[in-house]
1. Test residue 150 against the criterion of being modelled with pLDDT under 90, in a helix (DSSP H, G or I), crowded, with 19+ Cβ neighbours inside 10 Å and small (Gly, Ala, Ser), and give yes or no.
2. Could you tell me whether any residue of the stretch 94-104 is at pLDDT 85 or above, in contact with a Leu (Cβ under 6 Å, 6 or more places away or on another chain) and of a type in the set (D, E, K, R)?
3. Within the stretch 136-147, can one find any residue that is more than 13 Å from the chain's Cα centre (by Cα) and under 25 Å from residue 102 (Cα atoms)?
4. Note down all Cβ pairs under 9 Å where the first residue falls in the stretch 1-21 and is under 14 Å from residue 94 (Cα atoms), the second is exposed (fewer than 11 other Cβ atoms within 10 Å of the Cβ), and they're at least six residues apart or on different chains.
5. Filter the stretch 181-228 down to residues that are out of contact with any helix residue (DSSP H, G or I) (no Cβ under 9 Å at 6 or more places or on another chain) and of a type in the set (A, V, I, L, M, F, W, C) and give me whichever is farthest from residue 132 (Cα to Cα).
6. Collect the residues in the stretch 1-28 that are within 24 Å of residue 122 (Cβ to Cβ) and modelled with pLDDT of 80 or more, keeping them in residue-number order.
7. Among (1) touching a helix residue (DSSP H, G or I) at 6+ places or on another chain (Cβ under 8 Å); (2) modelled with pLDDT under 75, which single condition is residue 81 missing?
Amino acid sequence: MSGMLLIARRELGAYFNSVWGYVVVSVILAINGLFFNAFAVTDKPKLSSDVLESFFEYTWGLTVIAAILLTMRLIAEERQTGTLTLLDSSPLTDAQVVGGKFLSAFFFLAVFTLLSVYMPALIFVNGKVSMGHIVAGYTGILLTASSTLALGTFASSVTRSQVVAAIIGGVLLAFLILCWLVARIADPPVDGLFAYLAYFDAHFHTTFRRGQIHMKDVVYYLSLTWVFLLLATRVLSARRWR
């Protein structure tokens, strides 16, 4: 655990001391604010709950984009600069390296995602929403961030190019998001599998976005996080023994 925290602290320093992390998060927060004012809060009368649901929908999409952009450098950059060899020769295990890098990205993204809480708080100026709805929505956003960061970490582990890592992560993410569409045209029992895998439609759109927390959705996102982190660890292990 100490080794994992050491890597996490090292990576956090890289995020907070580099321009890239701030640029990504600042742009995402700015776009989120524009979307909130343009689409969530409109001139037409809307229920406060509808405004909040729209906010979480846009925030979800922007969060997964930020997660892919933040993780594309995690391991690919180490390979590109040759510093991954130094990690291979250290007493740290592959699981500690992957876990530490993931934790740093999650902490960084979580902090800046939670900074957007002032936007749903503005709803209280002219309306009223349940605090439970806000908590449920942000819980879903953070769980999505966790699984997407894990997916991005895996994508970054299979290549030395940061651009290729972003493309791989984007393709995998697009596949999971579009599973709902495949489920509509597939035959039973395959349609049920794709319906369950639907990243947004089945596990966020109908639950967290509406202020509901279901255990099956929590398990889904945490399972994806574990699977992709395990895959990233296996990729690093395979490289070590070449």
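The values are calculated or read from the model by the stated rules, or taken from the named source; none is laboratory data. No experiment lies behind these values; they were computed from the predicted model shown. Backbone-built Cβ (ideal geometry, glycine too); neighbour counts: all protein chains shown.
1. Values: modelled with pLDDT under 90: no; in a helix (DSSP H, G or I): yes; crowded, with 19+ Cβ neighbours inside 10 Å: yes; small (Gly, Ala, Ser): yes.
No.
2. So far as the stretch 94-104 goes, yes, one or more of its residues are at pLDDT 85 or above, in contact with a Leu (Cβ under 6 Å, 6 or more places away or on another chain) and of a type in the set (D, E, K, R).
3. There is at least one residue in the stretch 136-147 that is more than 13 Å from the chain's Cα centre (by Cα) and under 25 Å from residue 102 (Cα atoms).
4. That search, which allows pairs on different chains as well, returns 3/91.
5. 219
6. If the condition is that a residue be within 24 Å of residue 122 (Cβ to Cβ) and modelled with pLDDT of 80 or more, then 26, 27, 28 are the ones that fit.
7. Failed condition: (1).
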